[in-house]
Amino acid sequence: MARIGIFGAGYVGLVTGTCFAELGHEVVVRDVVPEKIEALRSGQVPIYEPGLEELLERNRSRISFTTSVAEAIEDADLLYVAVGTPPTYSGDADLSAVWTVVDELPQVGGNPIVVMKSTVPVGTGEKVRAALDARGLSHVGYVSNPEFLAEGTALRDFMNPDRIVVGAFTPEHGDGVEELHAALGAPVLRCDVASAEMVKLAANAFLSTRISFINEIANVCELVGADVEAVAKGIGLDHRLGPHFLRAGIGFGGSCFPKDVSALKQLAGNSGYHFQLLSAVIEVNELQKRRVIAKLQKHLGRLRGKTIALLGLAFKANTADMREAPSLVIASRLIAEGAKVRAWDPVADASTLLQGVTFCDDVLDAVRDADAAVIVTEWPQLREQLPTEEVRAAMARPLLVDGRNLLDPAAARAAGFAYEGIGRSGSLFETLPETAEPELHL
Ligand code: UGA
C-alpha cells in the first residue's frame, strides 16, 4: 500500500483522497484554508457529494488533513496535485495554484512522484518537469493522471472507472501510478504526458459537443414537429453512437465543461489553430439558456411584472454547485426583463450570487401566484411534486417550462398545465388559456 499526499481539499482532492483510503492507501490531504482543514478534521465535509461523508468516516484511520506541506510530503510515495484551475479572462486555465504547489515542494528525500490530477493545458507537464529539474528535484517523478469524476456520482466514478489514464515521461513512474489503481480492475491507457493531458480536455469537449448537438437537434425538432426524446433514443441505439449525453435541455454548466471547452479552444488558438467546432459548441450553449426566456414570452408576452418560479438552481441534480449554472443566466435575464423571480433548490444556496430573487423553502412556496414555473434542475423530487393539482391551484397561470424534459408532457397537459419542453413535439402549437396576446414568438 502506498502513502499519498494530496494537495487540494476541493472536490477532486477530497473524493480522490477518500477513495484511495478506501482502497487501503495511507492518505494525507493538505489545503491552504485552515477552516476547511479544521472542519474536515471534525468530520464535516465542506462539499455536497452523496456518500462522501460516510466513506470518509469509514476510512478515518487512513486519512488525515493538514495545512502543512511538510506533513503532506513526509514519506510520501506519491504527491497528487488536485488544486483548482479556473478560467482566466482570456479563457486560458489559471495555473497559479498548480505552480504554488510545485514551488512549495522542498528538497524532498526519497523518490516521490508528483501526479497531476488537476485539469491543465497540454504542455503543462513538460513545464513542471523542467521546473522540478531546475530546482534540483530530478529524482522526483512526474505523471499525468486526469480525473473523470462527475459531481453527484463521483464515488461510483472513482471506484468503477471506464479507464485510468496514465501519462508518464518514465515507464517506472507510470507503473507506480498504475499500481495504485490495481484493485479497481479498470482498463489502463499508458501514454505520454501530453496525450494524457489532451485525453482529459478532449473527453470533456466531446461530451459538451454531444450536448450542444442534441440541443440544436431539439431546436429543429420544435420547428418541424418531431420529439427530441424519441430522436435521442433512436440515435443512441446505434452502437457506434451510444445513448449517453444526449439529454436535450437548457445547456451545460458546472465547473468543468464550460471551462474545459474554452481552455481547449484557447490552447488551440494559442498554438495557431482556430477550433471552429468548439466555438459553435460554446455559442449554442449560451443561446440555449436564453431560449427559456423566449418560451415564456411566447405564452406570457412581456415579462415585466410577471412572476416566474425557478425550480432548481444547481447546474445539475445531486450537487449544490452553482458554478456556471444556467439558472444564473436565466434568473438574470428574467430580472432584466422586469419579471419577479422566486426560486427553490433543495441544496444549492445562490443568495450571494443572485440579487433580487426571492428564495423559497419548498416548491409550493416558489410557485405561489406564479405566471409560470421553469424546471431548471432535474431534481428527482420535482417528478413527485409536478404536475399536481396542488401546484396548479397555487399558480396564477398553469404554465410549465420544463428545461430538462423531466416530466411526461401528456401527464402535465392532462393535469391542466400548458407544457413547454425542449424539443418536444406539440409544444409549438400549444396556447395557454386566458393568456395575454403573445408579443414575441420563437
Ligand atoms: C464532467 C464530466 O462528466 C466528468 O467526466 C469530468 O471528470 C468532470 O466534468 C470534470 O472535468 O471534472 P460534471 O461537470 O460534474 O462532470 O457533470 P456532468 O454530469 O458531466 O454534466 C455537465 C453538464 O452537462 C450539466 O450541466 C448537465 O446538466 C449537462 N448535461 C449532461 C446535459 O445537458 N445533457 C446531458 O445529456 C448530459
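Looking at GLY176, GLY225, GLY251, which is the one that is on the phi > 0 side of the Ramachandran plot, open to solvent by less than 80 Å² (accessible area, probe 1.4 Å) and either within 13 Å of the ligand (Cβ to nearest atom) or touching a strand residue (DSSP E or B) at 6+ places or on another chain (Cβ under 8 Å) (or both)?
It is GLY251.
Can you tell me which residues in the stretch 103-118 are modelled with pLDDT under 95 and either among the hydroxyl-bearing types (Ser, Thr, Tyr) or not in a loop (DSSP other than H, G, I, E, B) (or both)?
ASP103, GLU104
With the structure loaded, tell me whether PRO346 is surrounded by fewer than 22 Cβ atoms within 10 Å (Cβ to Cβ), closer than 29 Å to ALA411 by Cα and not acidic (Asp, Glu) or whether it fails that test.
yes
Taking the condition of a type in the set (Phe, Trp, Tyr) and within 11 Å of the ligand (Cβ to nearest atom), does PHE169 pass?
no
Right, LEU207: modelled with pLDDT of 95 or more and within 23 Å of the chain's Cα centre (by Cα) or not?
Judged against the criteria, LEU207 is a match.
Specify which of the listed residues (ALA218, ALA263) is out of contact with any Leu (no Cβ under 6 Å at 6 or more places or on another chain), within 14 Å of the ligand (Cβ to nearest atom), modelled with pLDDT under 95 and open to solvent by less than 60 Å² (accessible area, probe 1.4 Å).
Within the list ALA218, ALA263, the selection yields ALA263.
Which of the residues spanning the stretch 311-338 are of a type outside the set (Val, Ile, Thr), away from the ligand (no atom under 15 Å from the Cβ) and either open to solvent by 10 Å² or more (accessible area, probe 1.4 Å) or within 29 Å of ALA154 (Cβ to Cβ) (or both)?
ALA331, SER332, ARG333, ALA336, GLU337, GLY338
Could you list, in sequence order, the residues of the stretch 179-201 that are open to solvent by 20 Å² or more (accessible area, probe 1.4 Å) and of a type in the set (Val, Ile, Thr)?
Correct list: VAL188, VAL199.
Check TYR80 against each of (1) in contact with a strand residue (DSSP E or B) (Cβ under 9 Å, 6 or more places away or on another chain); (2) over 21 Å from GLN107 (Cα atoms); (3) within 16 Å of the ligand (Cβ to nearest atom); (4) open to solvent by less than 50 Å² (accessible area, probe 1.4 Å) and name the one condition it does not meet.
Just one mismatch for TYR80, condition (2).
Please enumerate the residues belonging to the stretch 285-319 that are touching a Gly at 6+ places or on another chain (Cβ under 7 Å) and of a type in the set (Lys, Arg).
LYS289, ARG304, LYS316
Does the stretch 145-157 contain any residue that is among the basic types (Lys, Arg), surrounded by 15 or more Cβ atoms within 10 Å (Cβ to Cβ) and within 16 Å of the ligand (Cβ to nearest atom)?
The answer is no; no qualifying residue exists.
Hey, any hits in the stretch 156-163 for a residue that's among the aliphatic types (A, V, I, L, M) and in contact with a strand residue (DSSP E or B) (Cβ under 8 Å, 6 or more places away or on another chain)?
Within the stretch 156-163 (the criterion being among the aliphatic types (A, V, I, L, M) and in contact with a strand residue (DSSP E or B) (Cβ under 8 Å, 6 or more places away or on another chain)), the answer is no, since none of the residues qualifies.
Restricting attention to the stretch 384-406, report how many residues are more than 22 Å from the chain's Cα centre (by Cα) and either acidic (Asp, Glu) or within 16 Å of the ligand (Cβ to nearest atom) (or both).
Final tally of qualifying residues: 4.
For the stretch 122-229, give me every one of the strands (runs of 3 or more DSSP E) that falls completely inside it and has 1 or more residues that are touching a Lys or Arg at 6+ places or on another chain (Cβ under 7 Å) and closer than 30 Å to ARG247 by Cβ.
Of the strands (runs of 3 or more DSSP E) lying wholly inside the stretch 122-229, those with at least 1 residues that are touching a Lys or Arg at 6+ places or on another chain (Cβ under 7 Å) and closer than 30 Å to ARG247 by Cβ span 188-191.
The values are calculated or read from the model by the stated rules, or taken from the named source; none is laboratory data. These numbers come from a predicted model, not from an experiment. Backbone-built Cβ (ideal geometry, glycine too); neighbour counts: all protein chains shown. Ligands, DNA and RNA are stripped out before the accessible areas are found, and what is left, the full protein with its side chains, is counted by its heavy atoms. Shrake-Rupley method; radii C 1.70, N 1.55, O 1.52, S 1.80 Å.
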